[in-house]
Amino acid sequence: MYQIIEPTLLLNTSICKANIKKMAERVKGWRGDFRPHFKTHQSAEIGGWFREVGVERITVSSFTMAKYFAQQGWQDITVALTCTKIHSELINELSANINLNILVEDDETIQELEKTLKNPVGVFIKADTGYNRTGINASDLSGIKKILCCLKDTTKLIFIGFLTHAGNTYYARNKEQLEDMVEPALEKILAIKTFLKDEFPLMQLSWGDTPSCSIYNNFYGMDEYRPGNFVFYDYTQVQIGSCKMSDVAVCLAAPVLAVHPQRKEIVMHAGAVHLSKDWVELPSGVTSYGKVVKLNGLEWDTEQVVGEVRSISQEHGIVSVGEEALEQIKPGDTLGIIPVHSCLTAHLMKQFLSNEGNFIEMMK
């Protein structure tokens, strides 16, 4: 048995594969294409598990990630990052070998890219349907028309349709709240299609976020779906209602460094460099940086809760625990932490130790 002496990200392969299969079946039921986001796992081996359910097209969050997965044989990749003129060289390198789709949201960038691109690339216009991060406001029809007029004159940028990310669903804490966020966003993106249907009858709509794709059941009019976090899920998704705790496929195994009975706290070797500084507010009002559970070898038991990570520094996590845990836990023991944000935790840890005992590498 592998001895854990430093923070190690465990992966339950059975849970992970079940999550992939379940989401693939959900998307199939909506009669849309499944273009999962690979930014959560960033792993060639895990990417292969998606091929087993028929996935041929993927989404990534950077051109570096696109290059990594292109080298693994993926030939149809969308880079879900708003492009600017500084990305021209990277776009040219990738588009010479694969079917590449990019995102734009302003006419000046389109003009600059058209001057420098060497190969045709697919283009989605990024539409903001309520998240207020990137993308042209989905209600700004005149602004959208302006961008489309610019795309009409391009030969290297091939207009595909509109892409949106309803990231505000991460703030929902039940199905009703999520529906109140999803339905207006759907109406906005579908209104664009209605507005442009005569001029662009083949236009596609791309939708992506794990909470809505896990909970919402009334999708219509979308052509593809790009959830990503679902492959592992995490403590935040549990709070939203996207999954059960038993659906979370990763857990950070970390040594106990110290026990402080007078403070009813234990100190674990698990800090911001392992978990990130993302946190979730629990229904009780408690702020948690992760739920601590007991381990059984390379697996974890979500029914055996030790406590919550209440604060973190660079290398340390402070866990509030009860009297029983204080009596049982000793320095040198190893506990598990269900991460608040599995995407960031995986990115920080850079590899997984599967419950079968083998290491699974990620993009470096």
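Descriptive notes on the structure:
- Local electrostatic count, LYS152, Cβ distance below 15 Å [Lys/Arg +1, Asp/Glu -1]: -2
- Those GluC sites (Glu not before Pro) in the stretch 1-85 that DSSP places in a loop and that have at most 15 other beta carbons within 10 Å: GLU52, GLU56
- Computed over protein heavy atoms with a 1.4 angstrom probe, the accessible surface ordering of HIS260, HIS347, largest first, is HIS347, HIS260.
- Antiparallel content of DSSP bridges confined to the stretch 1-155, in %, to 5: 0 percent
- Of the solvent-accessible surface of the chain, computed with a 1.4 Å probe and all protein chains present, 47% belongs to carbon and sulfur.
- Hits among lysines - C-alpha to C-alpha of LYS17 under 22 Å, sequence gap 8 or more where chains match: LYS28, LYS39, LYS244, LYS350
- Ranked from largest to smallest solvent-accessible area, with a 1.4 Å probe on the protein heavy atoms, ARG31, ARG133, ARG310, ARG26 come out as ARG31, ARG133, ARG310, ARG26.
- Annotation: the antiparallel percentage among DSSP beta bridges lying fully within the chain is about 55.
- Note on the stretch 117-234: the C-alpha convex hull projects to 8.2 nm² when averaged across all orientations.
- THR116, THR345, reordered so the largest accessible area comes first (probe 1.4 Å): THR116, THR345
- Rolling a 1.4 Å probe over the heavy atoms of the protein chains gives the stretch 167-247 an accessible area of 40 Å² per residue.
- Measuring between their Cα centroids, the stretch 237-251 and the stretch 57-83 lie 26 Å from each other.
- The peptide list 233-240, 118-125, 321-328, put in order of mean Cβ contacts within 10 Å with the highest first, becomes 233-240, 118-125, 321-328.
- Accessible surface for the stretch 7-140, divided over its residues, is 43 Å² per residue with a 1.4 Å probe.
- Heavy-atom accessible area for LYS330, with the other protein chains in place and a 1.4 Å probe, reaches approximately 110 Å².
- Debye equation applied to the C-alpha atoms of the chain, log10 I(q)/I(0) at 0.09, 0.11, 0.15 Å⁻¹: -0.54, -0.77, -1.24
- Virtual spin-label span in nm between ASN217 and LYS85, 7 Å along Cα→Cβ: 5.1 nm
The values are calculated or read from the model by the stated rules, or taken from the named source; none is laboratory data. Just so you know, these numbers come straight off a predicted model, no measurement behind them. Here Cβ is always computed from backbone atoms with ideal geometry, including for glycine, and neighbour counts include all displayed protein chains. Ligands, DNA and RNA are stripped out before the accessible areas are found, and what is left, the full protein with its side chains, is counted by its heavy atoms. Shrake-Rupley method; radii C 1.70, N 1.55, O 1.52, S 1.80 Å.
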